[in-house]
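Here the structure is laid out as structure tokens; the discussion comes afterwards.
The values are calculated or read from the model by the stated rules, or taken from the named source; none is laboratory data. The structure displayed is predicted, hence computed values, not measured ones. FYI the Cβ positions are ideal-geometry reconstructions off the backbone, even for glycines, and counts take in every protein chain you see. When the accessible area is computed, the model is the full protein with side chains, heavy atoms only, and any ligands, DNA or RNA have been set aside. Shrake-Rupley method; radii C 1.70, N 1.55, O 1.52, S 1.80 Å.
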Amino acid sequence: MLVLVAPGQGAQTPGFLTPWLELPGAADRVAAWSDAIGLDLVHYGTRADADAIRDTAVAQPLLVAAGLLSAAALGDVAPGAVAGHSVGEITAAAFAGVLDDTAALGLVRKRGLAMADAAAVTETGMSALLGGDPDVSVAHLEKLGLTPANINGAGQIVAAGTLEQLAALNEDKPEGVRKVVPLKVAGAFHTHHMAPAVEALAKAADLAPADPKTAYVSNKDGRAVATGAEVLERLVGQVANPVRWDLCMETFKELGVTALIEVCPGGTLTGLAKRALPGVRTLALKSPDDLAAARELVSAATEAAAAAAGADD
């Protein structure tokens, strides 16, 4: 079974959209999306510097646009399940048919603005902990007043809180943690610091979602969500709730995943999958040069699923 996943904030790098816009029709599509949401995605994806695309209000729509564009370039794909990390959940909602592309980009534009406003209230940030025992690390973070905002599996936890709390973490790492790495984000996402964004987004998320056409795995608890209404409700609330990517990967195992493709700008989630899902073939769409290999993986997964279905019959 193939799983299609979308990365979250921090995966963006300057110019990463440039090669994708060279594909037939891509520049026109992104220009239309830019007009629809009032943000020049072409500029930010090709010419803007690292500081400009670190802005939450810019980074989030840019990531969703990149995910949608790269998935479209991949062609007709019918994954067995979809999921997204943090803002990648909106990309996944479009993959599942819960939202169309324009609605997904409109929602993420509102999300990014609301979260940027919330982040401006207090200077906050996020840092990844590499290594260590998850239970020990979580207890240590809570002692420092930090939130384990992302529990990603494969031994990785992301802490979020004020800059003072994160500085204390650098000086006092949990036992077994090799390194604390600051992330390229502008706030303590998926914590109580984002409560104002939840309220703002709930008022702005006036949409008519469809029910998922494929299994939509929510990073709130790793559960597959059956209705579009619940997907939308979770997208709003998840802004201030921890991301449980570890539980998503457990669900992938239960569903029988054999292959995983991460859309542009891929790399983070495939890295986690390589450690947590041994035996699963993984591929990250970093540039159009990866499309041929990704299509081969899709074809192999489709053939394997068909063979398995035939054997069951």
Query raised in the report: Among the listed pairs Lys173/Lys203; Lys110/Lys143; Lys179/Lys286, which are separated by more than 30 Å between their Cα atoms?
Result: Lys173/Lys203; Lys110/Lys143
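Provide the percentage of antiparallel DSSP beta bridges, counting only those with both residues in the chain; round to the nearest 5.
55
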**Report entry** Radius, Kirkwood style, for region 1-129 when every pair of distinct Cα atoms is counted (Å)
**Finding:** 14.9
Requested in this report: At 1.4 Å probe size, with every protein chain present, just tell me what the per residue accessible area of region 1-107 comes to in Å².
Outcome: 32
Report task. Just reorder Leu130, Leu41 by solvent-accessible area, largest first, 1.4 Å probe, all chains present. Result -> Leu130, Leu41
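Quick check: convex hull over the Cα atoms of region 194-313, volume per residue in Å³, rounded to an integer?
Given the Cα convex hull of region 194-313, per-residue volume reads 136 Å³.
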**Report entry** Carbon and sulfur %, accessible surface of region 1-154 computed with the full protein complex present, 1.4 Å
**Finding:** 51
Query raised in the report: What is the P(r) of the chain, as percent of Cα-Cα pairs per 20 Å bin from 0?
Result: 35, 59, 6, 0
Query raised in the report: Which values of log₁₀ I(q)/I(0), to two decimal places, follow from the Debye formula for region 89-130 at q = 0.21, 0.27, 0.32, 0.33 Å⁻¹ with a uniform point scatterer at every Cα?
Result: -0.73, -0.84, -0.99, -1.02
Query raised in the report: What is the ratio of the Cα radius of gyration of region 191-265 to 2.2 N^0.38 Å, where N is its residue count, to two decimals?
Result: 1.22
Requested in this report: Would you calculate the volume per residue, in Å³, of the smallest convex hull containing every Cα atom of region 266-305?
Outcome: 60
Report task. For region 103-195, build the convex hull from the C-alpha positions and give me its volume per residue in Å³. Result -> 96
Query raised in the report: Given springs between every Cα pair under 10 Å in a Gaussian network model of the chain, which of Leu255, Leu63, Leu129 has the largest fluctuation?
Result: Leu255
Query raised in the report: What do you get for Rg/Rh of region 1-77 when both radii come from the Cα atoms and Rh is the Kirkwood radius?
Result: 0.96
Query raised in the report: How much accessible area does His193 have with a 1.4 Å probe, in Å² rounded to the nearest 10?
Result: 40
Query raised in the report: Of the residues Glu233, Glu89, Glu171, which exhibits the maximal mean-square fluctuation in a Gaussian network model of the chain defined by a 10 Å Cα contact cut-off?
Result: Glu171
**Report entry** Local electrostatic count at Ile261 - Lys and Arg +1, Asp and Glu -1, tallied over other residues with Cβ under 14 Å
**Finding:** 0
Requested in this report: Pull up the cross-link candidates among the lysines for Lys253, meaning alpha carbon to alpha carbon under 22 Å and not fewer than 8 places away within one chain.
Outcome: Lys213, Lys220, Lys274
